[in-house]
Amino acid sequence: MVESYLHLFLKKRAIDCLSQAGYATYLEPAWSPVPYVQWQNYRPDVLGVKTAQDVSEYAFVECETRPRLERISKKKTSTISYQTKLTGTSNIRLILVIPAGTLRNLSMKVRRQWEIWIIDRISGTINKIDRMNN
């Protein structure tokens with residue numbers, strides 16, 4: 001199946017943003033490139049890894065050109081596991097990247113699990129909505 005230009009654009013902008021924030025990025029990795037993180041029956045569009053002496057952060061990015069709750073809830077993010085380090089903290093971020101104008105298609109339930117990045121198709125500007133704290 002051929003990816004749409006919009007889907008490729010969303011992935012590229014997510015990679016650019018993560019790279020600027022100091023993440024190493026991996027496009028559609030079938031398995032984890034780092035030993036501390038694993039998943040099954042899942043393949044993120046983009047994986048971002050940022051490690052320092054006292055903190056490790058893993059960003060799992062899903063790009064949806066037509067976001068719908070049904071589609072997002074089928075993602076197997078519950079199979080993601082990671083090993084924490086004794087000398088620092090580890091954090092997993094789930095990031096949903098969508099085109100501007102499609103937020104209305106999503107339920108507020110999505111915000112409990114996902115950060116939402118809204119990308120303008122023309123300018124490439126990213127507006128970020130943090131995950132809701134429960």
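The values are calculated or read from the model by the stated rules, or taken from the named source; none is laboratory data. This structure is a prediction, so every number in the text was calculated from the model and none was measured. Glycine also receives a Cβ, built like all others from the backbone with ideal geometry; neighbour counts cover every protein chain displayed. Remember, those area values only see protein heavy atoms, side chains included, never the ligands or the DNA or RNA. Shrake-Rupley method; radii C 1.70, N 1.55, O 1.52, S 1.80 Å.
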How much of T89 can a 1.4 Å solvent probe reach, expressed as accessible area in Å² and rounded to 10? 90 Å²
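Net charge near T102, counting Lys/Arg +1 and Asp/Glu -1 over other residues with Cβ under 11 Å of its Cβ?
Working: positive: R66, R68, R104, R121; negative: E64.
Local charge sum for T102: +3.
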Report the residue, chosen from P35, P44, P67, that carries the largest GNM mean-square fluctuation when the chain is represented by alpha-carbon nodes joined by springs under 10 Å. P35
Could you list log10 I(q)/I(0) for the chain at q = 0.09, 0.10, 0.22 Å⁻¹, which the Debye formula gives when each Cα is one point scatterer? -0.25, -0.31, -1.51
The farthest towards the positive end of the charge dipole of the chain, of the residues S32, A52, P67, given +1 on Cβ of Lys and Arg and -1 on Cβ of Asp and Glu, is P67
Given C-alpha coordinates of the stretch 3-59, what is the ratio Rg to Rh with the Kirkwood estimate of Rh? 1.00
Restricted to the stretch 84-130, the DSSP antiparallel beta bridge percent, nearest 5, is 45 percent
Of the beta bridges DSSP finds with both residues in the chain, what % are antiparallel, to the nearest 5? 55 percent
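Is the stretch 83-134 best put as rounded, prolate or oblate by its Cα gyration tensor, with a ≥ b ≥ c the root eigenvalues, rounded for a/c under 1.5, and otherwise prolate when a/b is larger than b/c, oblate when not?
On the way: a/c = 3.81, a/b = 1.85, b/c = 2.06.
Judged from the Cα gyration tensor, the stretch 83-134 comes out oblate (a/c at least 1.5, b/c at or above a/b).
From the helices alone, meaning DSSP H stretches of at least four residues, give me the mean residue ellipticity at 222 nm for the chain, per-run term -39500 (n - 2.57), in deg cm²/dmol to the nearest 500.
Numbers: 2 runs with 21 residues, N = 134.
Here the helix-only value at 222 nm equals -4500 deg cm²/dmol.
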Residue by residue through the stretch 70-75, the couplings from Karplus 6.51 cos²θ - 1.76 cosθ + 1.60 with θ = phi - 60°, in Hz, x for Gly and Pro, are 4, 5, 5, 5, 7, 5
Ranked from the most accessible area to the least, with a 1.4 Å probe and all protein chains present, what is the order of V55, V46? V55, V46
Between helix 5-20 and the chain, what is the angle of the helix's C-alpha long axis to the longest principal axis, kept within 0 to 90° and rounded to the nearest 10? 40 degrees
Explain nothing, just the number: relative contact order of the stretch 62-131, from Cα pairs under 8 Å at least 6 residues apart, as a whole percent. 32 percent
